[in-house]
Every structure is written in structure tokens, then in C-alpha cells.
Amino acid sequence: MAFAGWIGFAFTFVNLLPCGQLDGGHIMTAMFGARANLITTAAVLIGALVMAVWSLTWCVIFFGLVLSLGVAAPDREQDEPQPFTAHDRALCGLAIAALILTASTLR
């Protein structure tokens, strides 16, 4: 059961990375714009390639997953009703905290 929990943490961690079409990429685009998403996507993919050199198989799988989903920033809604509120920024901060907390459990 502990292994299943660890796998859940691993998938949550990967999904919250600020990269491409993953949930973290959507958060990055919403808060900072498409350019910031492309910069962080490039940084995350370069980091994954560096770790793949050390034969971390999951990094190769992650790299392939991100490339298959697309590295472009997600399209923003044309009729966005209102700018970010303090509540929205707090929720984005909680998502970043979840990324950090799940990363700390994956050793």
C-alpha cells in the first residue's frame, strides 16, 4: 500500500511541474504568461535530459511524455472574465506548495 501511495505522489509531482501542457504549465501560463511557460519548459526538459544521462529511466519517459503532449503554452481563454484575485494567487501558491511537498517525499 505504501508503494501505491508513492506512485501517486510521483504522478502528482510530474503533473505539477511547470512544463508544457501539464497542470503546472497551465498554472505558469495563467500567472506569468506564455513566455514564462516556454522558459520553464525548456529548463525542465534540459534538466530531464541531464538526469537521463545518469540513466534515470523515468526522466526519459517524462521527456517523451512532455514532447508528445506538446511544449507550447496552453491557449488562454478569449473571454477571460476577470484578472487574478488574491484567492486565485493563493490557490496557485498551494499548488506550488504541493509540488514542493511531493518532491520532498520522492527519494
| request: Starting from the amide H of Leu17, placed 1.01 Å from N in the peptide plane, find each other amide H under 5 Å away whose residue is 5 or more places distant or on another chain. | output: Gly24
| Average projection area in nm² (convex hull over Cα atoms of the range 5-57, one quarter of hull surface) | 3.9
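None of the figures in this text is laboratory data; all of them are computed from the coordinates on show. For clarity, every value in this text was computed on a predicted model and none was experimentally measured.
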